[in-house]
Amino acid sequence: MMPHDFMPGLAGIPAAKSAVSDVDGERGVLEYRGIRVEELCKRSSYLETAYLLLFGHLPTRAALSRWVEDVAHHRRLKYSIIDLMKCLPEQGHPMDALQAAVAALGMFYPGRNVEDMENNYWSAVRLIAKLPTIVAGWARLRRGDDAIPPRDELGFSENFFYMLTEKTPHPLWVDIFDDCMILHAEHTMNASTFTGLVTASTLADPYTVVASSIGALKGPLHGGANEEVVQMLREIGTPDRAGAYVDEHMRTKQKLMGFGHRIYKVKDPRATILQSLCGSLFKTCGTSQLYDIALAVERKATDFLKEKKVHPNVDFYSGIIYDKMGIDTDLFTPIFAMARVAGWLAHWLEQLRENKLFRPDQIYAGEHDRPYVPLDQR
Ligand SMILES: CC(C)(COP(=O)(O)OP(=O)(O)OC[C@H]1O[C@@H](n2cnc3c(N)ncnc32)[C@H](O)[C@@H]1OP(=O)(O)O)[C@@H](O)C(=O)NCCC(=O)NCCS
């Protein structure tokens, strides 16, 4: 590549060497540390997968139980963080509340020396442990309810539901939600991971790194798409209206949310797994009209978009699952962040090993040597 080549969006330009995950966009394969996500969904748990991502290998039984225990013991939030959230406007977006609370965590757990690996371990534990408490806490505080403290004896996903609803859910829901967490835990050099790496390369603390990533995840071209998909399906209303909706979008060249991906040229493997999780979920609680609409949209959109290799992505079916579980639509992206923090932190640790400050170049497209025109002559 010549130094002056410019690729908008850095498409196809490697920003790092990484062993965390890999996508084969032609075959639709996603691996975390070399293990396919299908295998992890079948046999692993979110916390075990997070360990795999962070440390590069599956834990032994003893290491897993220490890891699970460490995370369980760090779920609580300091009163000041809860008080901080109480001061935020209740109509604000939960991603903003999450970003503010995560950034504030860094003030309570200083340890700014990122060369201290022991401290880095505990930072990773705290972030993975506390994000669900913040998300569930904010969901309740904004309605005027008290935040529910975590219960150490509950697993990661079960505890999240408990903090959100004060009930422990059906075990099948816990398994399905845990699979959703696995599927969202990591995805190579995406926008939020890259954002985190840029921040990490300045040797900022991990709370700041994760707060930056949360900001990037919020946008509708990235994690925010899951929320928009459900809004789109609600707007369509019934499956028989899907055809006209897609036609109109194609005619006016508008993008369909939950479709398309920079890397995948076939259907996103996560969308395929999520679709089968929808099937399992509906066995316990009946089908969902949104799912029927989604199928109709996918059928119709495929006619238009398969030539361009645009297919459903991870965000197309995930929201349908969360919606059926009674979770508020605007919590979908924060839930994505709860899972993706494992991937962000895995890349952060990798970056620290051979850090180089990100400082890309630009192609200057402006003028030179312009005269300064005094104010009264403009
Ligand atoms: C994810 C996304 C930003 C990737 O974009 P990209 O790699 O920059 O690809 P482009 O936007 O250049 O799209 C390439 C072509 O496919 C079309 N396309 C891409 N995604 C599309 C979508 N969701 N709906 C309709 N057409 C789409 C584009 O219009 C473009 O067509 P053209 O070549 O005729 O102009 C894009 O697919 C998108 O905006 N999707 C919707 C948001 C979304 O679901 N995001 C979550 C991603 S996991």
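The values are calculated or read from the model by the stated rules, or taken from the named source; none is laboratory data. Worth saying up front: this structure is predicted, and the values here are computed from it rather than measured. Please note: Cβ atoms are built from the backbone with ideal geometry, for glycine as well, and neighbour counts cover all protein chains shown.
Numbers for the structure displayed
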quantity	calculated
Residue tally, condition part of a helix (DSSP H, G or I), of a type in the set (A, V, I, L, M, F, W, C) and more than 11 Å from the ligand (Cβ to nearest atom), over region 201-219	5
Qualifying residue in region 164-171 (condition: on the phi < 0 side of the Ramachandran plot, buried (at least 23 other Cβ atoms within 10 Å of the Cβ) and in contact (Cβ under 8 Å) with a residue 40 or more places away in the chain)	no
Ser318 vs. criteria within 12 Å of the ligand (Cβ to nearest atom), small (Gly, Ala, Ser), modelled with pLDDT under 95 and surrounded by 14 or more Cβ atoms within 10 Å (Cβ to Cβ)	yes
Scan of region 266-307 for residues that are surrounded by fewer than 16 Cβ atoms within 10 Å (Cβ to Cβ), over 21 Å from Val29 (Cβ atoms) and within 16 Å of the ligand (Cβ to nearest atom), ordered by number	Arg299, Asp303, Glu307
Hits in region 69-85 (condition: surrounded by 15 or more Cβ atoms within 10 Å (Cβ to Cβ), touching a residue at least 24 places away in the same chain (Cβ under 8 Å) and either part of a helix (DSSP H, G or I) or polar (S, T, N, Q) (or both))	Asp70, Val71, Ala72, Ile81, Ile82, Met85
Residues located in region 220-265, provided they are within 8 Å of the ligand (Cβ to nearest atom) and over 30 Å from Asp22 (Cβ atoms)	His249, Met250, Lys253, Gln254
Residues that are in a helix (DSSP H, G or I), of a type in the set (S, T, N, Q) and within 14 Å of the ligand (Cβ to nearest atom), drawn from region 180-200	Ser192, Thr193
Count of region 116-152 residues which are of a type in the set (Asp, Glu) and in contact (Cβ under 8 Å) with a residue 60 or more places away in the chain	1
Condition check for Ile321: touching a residue at least 60 places away in the same chain (Cβ under 8 Å) and within 22 Å of His222 (Cα to Cα)	yes
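Okay, residues lined up against (1) free of Cβ contacts under 8 Å to residues at least 12 places away in the same chain; (2) within 16 Å of the chain's Cα centre (by Cα):
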site: Glu228; (1), (2): no, yes
site: Glu235; (1), (2): yes, no
site: Thr238; (1), (2): no, no
site: His249; (1), (2): yes, no
